[in-house]
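The values are calculated or read from the model by the stated rules, or taken from the named source; none is laboratory data. If you're wondering where the values come from, they're calculated on a predicted model, not measured in any experiment. Cβ atoms come from the backbone with ideal geometry, glycine included; neighbour counts cover every protein chain shown.
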């Protein structure tokens, strides 16, 4: 086993808590790596006016692989107010560093698996026949286009004259907004390109074929958002017909999908969507397997750069607890996705089996698994702390 160099990006809040726990599990499982810290997050915005410094981009460019914790993002005006006084009024504009990271390296393929663990008390249940309780096994993988759509950052409040004049060329804009003063208009552009859309669709179909999923579902809104969602659906049909005829292609609208995921979630395999709807669908399906404490993700560029992260946020209130109570499993699972990527699948399998064993046994459960409110006293009331859950996983590796 060759030794790897991994850039660690703890970021803000609980990111700085769960990332070291994942590394602790990796070490215990026998994974050998050099870990290089990368600066990212709110601290660097406040002190430097840049939450994603160039030195961090250089580290990732050199070493290609990063483990990421979480970041805090705030609205623009609030962000400006928290800048170091020496930086205020100098034109700095806050933007999310994780979105910036994705766009800088074109990390356009995002994969978010949502798979049930046997024995997890947070698993989705429903009424079955004869008023029985039914717990369907969920194994859904969301493919989210990661760099376009509403996350492209192309937006304006009080749009400049050339933008406003361009908008006036569209009859729908004239009809519905032509009489609205320009200074009262905010616009966000939902941008899809054919190249990026084909890439995410191919990735989804190839994954389905490789791992034996029987269907790929396009989850968009082509009946209303005809140009962008319509493009994805049109291309999906062409790709399925020409290259993946054995895989069933489904089409769901995002709103209807949110209903159906609680009616028949076991019928879905691979789901593919644009950035916004992929974000919504992945969080929704994560809720069926226990919530964001179990939701991992990976994002890839065409040139081999990959970043692995839990999908939860920085949850700053939890970061201040004397004893950390947050669930580290999503971060550990994200590290397992990293291991898969670098062909350390024996170690990732060992870690996943250890997680499954702890969950099924049920003796060690974090506050979310016990359905407690996230307060400091939960550890005294029987919930496992973050480190206790980590130690329980490690104990099953031996």
Taking only pairs six or more apart or across chains, which ones have beta-carbon atoms under 8 Å, a first residue in region 1-25 that is assigned by TED's automatic domain parsing to the domain that holds residue 39 and at positive phi, and a second residue that is in a strand (DSSP E or B) and at pLDDT 95 or above? 11/68; 11/69; 11/70; 13/70
Check region 164-178 and report whether any residue there is in contact (Cβ under 8 Å) with a residue 12 or more places away in the chain, touching a strand residue (DSSP E or B) at 6+ places or on another chain (Cβ under 6 Å) and surrounded by 10 or more Cβ atoms within 10 Å (Cβ to Cβ). no
Read through the list (1) surrounded by 18 or more Cβ atoms within 10 Å (Cβ to Cβ); (2) assigned to a helix (DSSP H, G or I), then give the number of the only condition that residue 252 fails. (2)
If you check every pair at least six apart or on different chains, which have Cβ atoms under 6 Å apart with a residue in region 116-135 that is without any contact (Cβ under 8 Å) to a residue 40 or more places away in the chain first and a residue that is not in a loop (DSSP other than H, G, I, E, B) second? 125/133; 128/134; 134/126
Kindly list the number of the only condition in (1) at pLDDT 95 or above; (2) surrounded by 15 or more Cβ atoms within 10 Å (Cβ to Cβ); (3) closer than 21 Å to residue 14 by Cα; (4) touching a helix residue (DSSP H, G or I) at 6+ places or on another chain (Cβ under 8 Å) that fails for residue 319. (1)
Count of region 363-384 residues which are buried (at least 19 other Cβ atoms within 10 Å of the Cβ), assigned to a loop (DSSP other than H, G, I, E, B) and in contact (Cβ under 8 Å) with a residue 60 or more places away in the chain: 3
What are the residues in region 211-237 that are more than 22 Å from the chain's Cα centre (by Cα) and more than 19 Å from residue 148 (Cβ to Cβ), if any? 212, 214, 223, 237
Tally up the residues in region 35-94 that are in contact with a strand residue (DSSP E or B) (Cβ under 6 Å, 6 or more places away or on another chain) and either surrounded by fewer than 19 Cβ atoms within 10 Å (Cβ to Cβ) or closer than 19 Å to residue 23 by Cα (or both), please. 15
Taking region 329-362 and keeping residues out of contact with any strand residue (DSSP E or B) (no Cβ under 8 Å at 6 or more places or on another chain), part of a loop (DSSP other than H, G, I, E, B) and in contact (Cβ under 8 Å) with a residue 24 or more places away in the chain leaves 344, 362
